[in-house]
1. Determine the relative contact order of the chain: mean sequence separation of Cα pairs under 8 Å and six or more apart, normalised by residue count, in whole percent.
2. For the cross-link pairs Lys86/Lys220; Lys153/Lys223; Lys154/Lys220; Lys86/Lys153, which exceed 27 Å when the distance is taken from alpha carbon to alpha carbon?
3. Order Trp221, Trp215, most accessible first, counting only protein heavy atoms with a 1.4 angstrom probe.
4. Shape of region 42-109 from its Cα gyration tensor (a ≥ b ≥ c, root eigenvalues): rounded if a/c is under 1.5, otherwise prolate when a/b > b/c, or oblate?
5. Using a Gaussian network model on the chain with a 10 Å cutoff between Cα atoms, which of Ile74, Ile135, Ile13 fluctuates the most?
6. What part of the accessible area of the chain, given as a whole %, is carbon or sulfur when the probe is 1.4 angstrom?
7. Roll a 1.4 Å probe over the protein heavy atoms and report the accessible area of Arg196 in Å², nearest 10.
8. Taking only Cα atoms, what is the 0 to 90° angle, nearest 10, from helix 153-163's long axis to the longest principal axis of the chain?
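The values are calculated or read from the model by the stated rules, or taken from the named source; none is laboratory data. Given the structure is predicted, the values throughout are model-derived calculations rather than measurements. We work out accessible area using only protein heavy atoms, side chains counted, and drop any ligands, DNA or RNA first. Shrake-Rupley method; radii C 1.70, N 1.55, O 1.52, S 1.80 Å.
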Amino acid sequence: MSTILIVEDEPDILSMLRDYLEMEGYAVLTAGCGRDAIAQAQRGPDLILLDIGLPDMDGLAVCRALRDHLPCPILFLTARITEDDKLQGFASGGDDYILKPFSLKEIGARVQAHLRREARSRYRTRIRFDPSLVIDYSQRVVFVREQTVTLPKKEFDILALLSTHPGQVFDRERIYEDVWGLEGDGDSAVVSEHIRRIRVRLEAAGSPPMIQTVWGVGYKWAKR
Ligand code: CA
């Protein structure tokens, strides 16, 4: 079970977030100020939701204090954001922003996407899927019949998502949300085009067809 630390000084928002995330199956730690946050962070949460406007110290300062010894994703909660805030936030080691007021569904989706991404980046091995196909997740390259096939970033991200969950069906929206996250303009049609390109590259190099289309639903990695 993943543990989420919520840092928020407004009791209503804090309890709403806590109830929702617990209902979604997470273990939840809470803190109402920066000092508490730093203390709670010692318990090693998997992700932190961090309000920027805290009574004792700035959320950005909390983030900087945690960043060096805590590798987990940190998502800022903030009422307004300027380009400057964003830059400062990323510079202090934050991973994402969620604007207030937010919907709980949005929070749930972002938390899930960040945790999945994190799980994948810990996946630092080479996996052989077929005698002719090896994926190296740390080098982000694919070997087909001992030859290196380099995929553009998004294509590799999609390949990594599907191949680390063999047999699981992903719809286009979920792939889009996971791989593009905040950067995207919301058009999940781009997923089909990327899948098409991945297939062309791998199969041209001699890989068996590993990405299967589940008609009307989405895509899955062949389970062998
Ligand atoms: Ca606040």
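1. Details: 341 pairs, mean separation 28.4, N = 224.
Relative contact order, the chain: 13 percent.
2. Listed pairs above 27 Å: Lys86/Lys220.
3. Result, largest first: Trp215, Trp221.
4. Note, shape of region 42-109 comes out oblate.
5. Ile13
6. Working: 5720 of 11430 Å².
Its accessible area is 50 percent carbon and sulfur atoms.
7. That residue has around 120 Å² of solvent-accessible surface.
8. Taking Cα atoms only, the helix is inclined about 80 degrees.
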